[in-house]
Structure formats: structure tokens, C-alpha cells
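Everything on this sheet refers to the single structure shown next.
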Protein chains: 2
Amino acid sequence: MSKVTCDLSISSDGYSAGHNQTEERPFGDDGGDGWGNKLHAWIFETAEENRAEVDQMTAASVFVMGRNMFGPVRGEWDREWKGWWGDDPPFHAPVFVLTHYPRDPLPMNGGTTFHFVTDGIESALRQACEAAGDGDVSILGGATTINQYLAAGLIDELRLHIVPLTLGGGTRLFDGVPPLNLEQVKSRAASSVTHVTYRCHDTLRRTR
Amino acid sequence: MSKVTCDLSISSDGYSAGHNQTEERPFGDDGGDGWGNKLHAWIFETAEENRAEVDQMTAASVFVMGRNMFGPVRGEWDREWKGWWGDDPPFHAPVFVLTHYPRDPLPMNGGTTFHFVTDGIESALRQACEAAGDGDVSILGGATTINQYLAAGLIDELRLHIVPLTLGGGTRLFDGVPPLNLEQVKSRAASSVTHVTYRCHDTLRRTR
């Protein structure tokens, strides 16, 4: 069975993004000092040191993301938003986007196709698993989407990348998620980030 | 100058204790499965593997704690509560307890004396630093007390011990604390806990 994984960069106080996302500021309020970028600097500025974790993030066969991660458009698809990533998104695979508003599949360059799913997280995951075959499915985010999957017991492996700063507010991982029995299966300190991989036990997936 | 440190065991979602502390349950609600103990199992059950961190926790010359960490008594000191730790507490040093209710110093066996401070966190820290001389001062907890010291910019080094479980509620580290600029100075993975040490920059102490 394919594994359902999740990689998330979070601050030391557990936030993955601030409030008030806009097109100019995908990670929302940043208190004026660009922490939205700081949260992901380990991927771009110290990629070599973090090669294993970066490779792991992109190794899944299929991806799932929430609508806010896909873009700042709310409500009906009244404009031709194609994601934050330009014509050749870095996924090179099917990406299932959770939304309440139907939209035709959106093929991009490089093998990425965005599929819009309107009937809930379980349906999106089921479609993603079918598309993945034996490959893994990665729940990309944001934290609100990940929290829904965690609460539903649908994530097998949670890989956190804990960045040394606090935000004091925003979208918080684990917010509203009932207590979880985790197993720390891997943990590694890089110079400016700590990587921790948890296996989620008692997930519903295992009993299906 | 002596350093102000803080060691705290937290869950993966940042909680150090649950709601509804009682004399029988110092860590409050545990959802019936004793996670209050689970949060600290790394100290007792795998002490050898975590020797460096355990030694570091107790290396300070003087300690500060909040009243709820000292005990479940609220309001006036209407009973002879002497802490959770028996006649010979593990501190072997002065311990300054934050409270709104005056009480005479309480000498215990083994060198521990509890001093009760009623005029605020800055006063308690000042008294602790005086008593420590060149030694370090450790803010023991709970998280509510630590958050006050963090918000006031009075902690130099924050040492987190992140335990693989989530609680979903309780007393949360960083709750209500404005954004902090942290530096990850050390991080180490043990088998069932990840230790991360942060230096807090721009603390008020440095500018005094």
C-alpha cells in the first residue's frame, strides 16, 4: 500500500503561515520581516546540507493540497489562477486541490496537472492513492488541510522541519486535532533547522 | 554574568501540561492515558541515553518556578504544602516561587529552600541572579511562567525536549508570546525525544 506522508516547515511555536494571505504574500502577515521566507530558507539557502530532506519532500508520486496553498482566490474560480509556481510547477505529478468550487483539470508543463476535488478530503485522498499506484501520496498543506487529515487519522508519516523562530500567531499545525500517539522514527539536526519524522499510529488507514 | 536558562519537556504540539491540575494529577487532565508522565519518561526511563540533557537541567545554581508548578494550592497559604517533591527536593539550591500570597521561606533537606516572591517576575529573577552569583538561573516552569519571562525578554537560552505525542490542549509554550528571533545552537535526536537548544536574541537582559 502506498504511504501517506506530509512534510511541513513550522516555526518553533508550530505555525506554518500567518494570517491574511494575499497574492503578494502567500504566507500572510509577516510582521514586516519576511518570516514566510525564513520558514523555507533551509530548502533554498542550505539545500546541500538538507539534501536528503529536500529529496524526500518531492519523492511522492502524487500530491494533495488545500485551496489556500494553491492560491489566494476565494469563492468561484472567476479568474485564471494557475498556482504560485509559474508554468512549470515543481511537482511534476498529479496534484489534487481541495475546493468547494468545481473546475476542469489544469495541465501544466513538466507533468504537473492540477485536479480540483469538491467532495471532501477522503475523496481527494482516494483519488490520489489510485493515481499513485504503489507510490506515496504527500499532503502538501497548508496546516489547515493537514490538520483535517490528521484529525481523520489519514496520515501515516509526518515530517516536520522546525525552524528557529516564533511567529506568535497564524495557521498552527495540530490546531483542533485530537491527541495523537506518535512514534519518532527519525530526527536530525541541521545547522539552522531540526528535522523530525513521526509515524502516526492508530490511523484509520491501517484498519481499512 | 550568569545565564538565564529554561528546560521544558513539551509535546509535539507544544503543550507542557493539561488543564485542571489537582494534587493527584500535577500535570492535569491526561485523557486517561498518563501523558503527564509520558512527557517526562525520557528523564526517568532513558536517563543514560539522555545523560547530558538531564545533567544540564539540574546544573543551574538557583531556580525560579510558578506557583502552580510548586503545588495545587490556590489563594492564601491555608495549609502546609511543601511542594510535590517530598522532604528532599531535587533542586539542592534556592528556589524562588512566584505567588501573590506572602509566605516565610521554607528550608527543606538537601539544600533546597523555597523563597516566595510576591512582587513579580522581574523581582524574582533579580533575587535569583543575586543568589546565583556567577552561576546560572533556571526558570523551571510551568509554561505560563516561562511565557511571561519570554515575553519580557528575560530568557537567554531555551532548551526544549520535544516528546513524540500530541495533547490537543492544555498549557502551551509560546502562547501569547510575541514573535521571537531564535538561534538554534544545539539539536540532538535521542531515541524517543528530540532536544533543541535555542539562544534568544534581543533579550532585554543583554541591553542592561
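The values are calculated or read from the model by the stated rules, or taken from the named source; none is laboratory data. These figures come from a predicted structure and were not determined experimentally. Glycine also receives a Cβ, built like all others from the backbone with ideal geometry; neighbour counts cover every protein chain displayed. The protein model used for the area step is the full one, side chains on, heavy atoms only, and it has no ligands, DNA or RNA in it. Shrake-Rupley method; radii C 1.70, N 1.55, O 1.52, S 1.80 Å.
Points worth noting:
- Rounded to the nearest 20, the Cβ-based charge dipole of region B:45-127 about its Cα centre (Lys and Arg +1, Asp and Glu -1) stands at 340 debye.
- Where chain A is carried onto chain B by rotation, the Cβ closest to that axis, with its residue and distance in Å, is A:Gly14, 3.
- Pairs of Cα atoms nearer than 8 Å and 6+ residues apart set the relative contact order; for region B:124-208 it is 32 percent.
- Positions from region A:132-180 whose accessible area shrinks by 10 Å² or more when the full protein complex is built, not the chain alone, probe 1.4 Å: A:Ile162, A:Pro164, A:Leu165, A:Thr166, A:Leu167, A:Gly168, A:Arg172, A:Phe174, A:Val177, A:Pro179, A:Leu180
- Across peptide B:4-16, the mean count of Cβ atoms from other chains lying within 10 Å of each residue's own Cβ comes to 3.
- Cα-only radius of gyration and Dmax that characterise region B:109-208, units Å: 15.1, 42
- Antiparallel DSSP beta bridges within the protein assembly as shown, percent to nearest 5: 45
- In this calculation the C-beta distance from A:Glu76 to B:Ala190 is compared with R0 = 51 Å, giving a FRET efficiency of 0.50.
- Solvent-accessible heavy-atom area per residue, rounded to whole Å², over the protein assembly as shown at 1.4 Å: 44
- The shape of region B:26-115 can be summarised by an equivalent ellipsoid whose semi-axes, obtained from the alpha carbon gyration tensor, come to 25, 19, 10 Å from longest to shortest.
- Expressed as a whole percent, the accessible surface of chain A that belongs to carbon and sulfur atoms is 49, based on a 1.4 Å probe.
- Put simply, chains B and A cover up around 2000 Å² of each other's accessible surface, both sides summed, when a 1.4 Å probe is used.
- Over all orientations, chain A has a Cα convex hull whose mean projected area works out to 11.4 square nanometres.
- C-alpha center-to-center spacing [region B:41-116, region A:80-97] in angstrom: 55
- Per-residue [θ]222 nm for chain B (sum of -39500 (n - 2.57) over DSSP H runs n ≥ 4, rounded to 500): -4500 deg cm²/dmol
- Converting phi to 3J(HN,Hα) with the Karplus coefficients 6.51, -1.76 and 1.60 and the offset θ = phi - 60°, region B:87-97 yields 6, 10, x, x, 8, 6, 5, x, 10, 9, 9 Hz in sequence order, with x at every glycine or proline.
- Whole-angstrom gap from region A:149-171 to region B:155-199, using each part's C-alpha centre: 14
- Highest GNM mean-square fluctuation among A:Tyr101, A:Tyr15, A:Tyr198, for chain A modelled with Cα contacts below 10 Å: A:Tyr101.
- Label-point distances for B:Arg25 to the equivalent site in the other copies, using a point 7 angstrom along Cα→C-beta, read 4.1 nm when ranked shortest first.
- For the protein assembly as shown: span of alpha carbons on each principal axis (Å, largest first): 74, 47, 38
- For chain B, built as a Gaussian network whose Cα springs stay under 10 Å, the top-fluctuating residue of B:Thr99, B:Thr118, B:Thr197: B:Thr118
- Candidates A:Ala60, A:Ala93, A:Ala47: whichever shows maximal mean-square fluctuation once chain A is modelled as a Gaussian network with Cα springs under 10 Å: A:Ala47
- Placing a label point 7 Å from the Cα of B:Val73 along the Cα-to-Cβ direction, the distances to the matching points in the other copies come to 6.5 nm, shortest first.
- DSSP bridge analysis restricted to chain B gives an antiparallel fraction near 45%, rounded to the nearest 5.
- Inter-copy label distances at B:Gly110, using a point 7 Å along Cα-to-Cβ, come to 5.9 nm with the shortest given first.
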